[in-house]
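The values are calculated or read from the model by the stated rules, or taken from the named source; none is laboratory data. What you see is a predicted model; the values in this text were computed from it and never measured. Here the Cβ positions follow ideal geometry from the backbone for every residue, glycine too, while neighbour counts run over all protein chains shown.
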Amino acid sequence: MIIYNPENIIKERIPEANDLLSQIKAKYCFITGSFLYKEKYKDIDIFIITRSKKKIKTSNKKAKITIIDFNDLHSLFYHSISKSCISKDILPKKPLKITISDYWNVINEAVPVLLNQKNKYHKDIRFLILYTEYFKTGNILDAFQLNKKIKEFKNYKEILKYIKKQVPEIIKEKMKKSYTKKFFYTQAGFYKDLIGYNAQRFLYNLTHLITQNG
Amino acid sequence: MVNPEEFKEKIKEIVSQQYNIEFLGSNFDQIVNFLTETKAEKIYQWISKVIERETQPIFIGSKKQYKEWALNQLLVFRHPFSIGKTEYRILFVKVKDSIYIEFHLGDHKYYDKVRKDLNLKKTSY
């Protein structure tokens, strides 16, 4: 058993995590999430990296198993969930591959979801915050840190403000000026036809803030 | 318990268009069978809100092809709900300023597959 970044992990959960992982017939499996750092938890998030298509089960009713493909080890998601976890073996690592275009896809999807969900956003903004904080600080948040960051927002309006403030600054710093203009003028053109929807109006205005800022 | 055929008919009735919506999803009928009348009613209400333009769509700014349409011609409406501990998603696909073409219903795995097809997701995560 390997414990990665144990600082926030509740010590009493370690033996139970070890028991659970030993039941799983896969070399690369690990537990992360609220089970490790919250007194009260709903699920036990178990991740298994495998090529096998066989359904893997455990006897624990709270266990929620997610299969990760080896091709996804480059993702920010994998880097985040494996940062602080209890693992059966040393986890495979691959360099992070992430682009600003991926980030824009996340924003493009998060804004309508946020406006639909209003204050029931906690599950749906994880990627938005994870990507934004990565591009802002270079730091990959683990499950505990991500949860803590999400709790700092009082309501969905604060998240919209956060997007408006952070995204133009990040794009200005990370993207070439010529490419920024080309990419966001194209996006603005798409959104313009849809400004009858609040989400696309917000995104349209955001593209303008980005191009003005760049 | 909701009858899948009645469920589809009710949705067609709300949408009220000539074009035949495709109902897609792994275990579509089984999931509909698990719905209570109350949950089905919530889905019908959500569809009405989509039609009234009260629900925000996800738009994909890409010229890539999806079946006979370019992705930037489509709007995707997403509705998450749970039955017991299992989470399901509906993705309702519309051609911009035009017809509704697909109604997807499935679990997380199916949802991820459709998101990949629609270019909303590049990797599994």
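A:Val106 passes every criterion in (1) under 14 Å from A:Leu209 (Cβ atoms); (2) within 12 Å of chain B (Cβ to nearest Cβ); (3) in contact (Cβ under 8 Å) with a residue 24 or more places away in the chain apart from (1). Just one of the listed residues (A:Ile67, A:Ile44) is crowded, with 16+ Cβ neighbours inside 10 Å, among the hydrophobic types (A, V, I, L, M, F, W, C), over 30 Å from A:Gln187 (Cβ atoms) and under 17 Å from the mean Cα position of the chain (by Cα), and it is A:Ile67. Inspect the stretch A:174-186 for any residue being in contact with a helix residue (DSSP H, G or I) (Cβ under 8 Å, 6 or more places away or on another chain) and not in a helix (DSSP H, G or I) and give the result as yes or no. Yes - at least one qualifying residue is present in the stretch A:174-186.
Of the set (1) in a helix (DSSP H, G or I); (2) of a type outside the set (Ser, Thr, Tyr); (3) without any contact (Cβ under 8 Å) to a residue 60 or more places away in the chain, all apply to A:Asn139 but (1).
Every test in (1) charged (D, E, K, R); (2) within 17 Å of the chain's Cα centre (by Cα); (3) not in a helix (DSSP H, G or I) is passed by A:Lys148 save one, and that test is (3). Of all residues in the stretch B:44-66, those satisfying the criterion of being buried (at least 18 other Cβ atoms within 10 Å of the Cβ) and either away from chain A (no Cβ under 14 Å) or in contact (Cβ under 8 Å) with a residue 60 or more places away in the chain (or both) are B:Ile58, B:Ile60, B:Tyr66. Of all the criteria given as (1) loosely packed, with under 15 Cβ neighbours inside 10 Å; (2) more than 10 Å from chain A (Cβ to nearest Cβ), the one not satisfied by B:Lys85 is (2).
Answer yes if at least one residue in the stretch B:23-32 is within 28 Å of A:Ile65 (Cβ to Cβ), within 10 Å of chain A (Cβ to nearest Cβ), touching an Asp or Glu at 6+ places or on another chain (Cβ under 7 Å) and not in a loop (DSSP other than H, G, I, E, B), and no otherwise. The answer is no; no qualifying residue exists.
Matching residues to (1) surrounded by 18 or more Cβ atoms within 10 Å (Cβ to Cβ); (2) within 12 Å of chain B (Cβ to nearest Cβ):
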{"residue": "A:Lys55", "(1), (2)": "no, yes"}
{"residue": "A:Ser75", "(1), (2)": "yes, yes"}
{"residue": "A:Tyr121", "(1), (2)": "yes, yes"}
{"residue": "A:Arg126", "(1), (2)": "yes, yes"}
{"residue": "A:Phe144", "(1), (2)": "yes, no"}
{"residue": "A:Lys151", "(1), (2)": "no, no"}
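Going through (1) touching a Lys or Arg at 6+ places or on another chain (Cβ under 7 Å); (2) free of Cβ contacts under 8 Å to residues at least 12 places away in the same chain one by one, A:Ile170 falls short only on (2). Residue-level analysis places A:Lys192 among those that are outside the structural domain of A:Pro6 (by TED's automatic domain parsing), surrounded by fewer than 16 Cβ atoms within 10 Å (Cβ to Cβ), under 23 Å from B:Pro57 (Cβ atoms) and free of Cβ contacts under 8 Å to residues at least 40 places away in the same chain.
Contact map, the stretch B:1-13: residues that are under 16 Å from B:Tyr100 (Cα atoms) paired with residues that are loosely packed, with under 11 Cβ neighbours inside 10 Å and of a type outside the set (Lys, Arg), Cβ distance under 9 Å, separation 6+ or inter-chain. Pairs shown: B:Lys12/B:Asn20.
Screening the stretch A:151-173 for residues that are in a helix (DSSP H, G or I) and basic (Lys, Arg) and picking the one that is farthest from A:Asn108 (Cα to Cα) gives A:Lys151.
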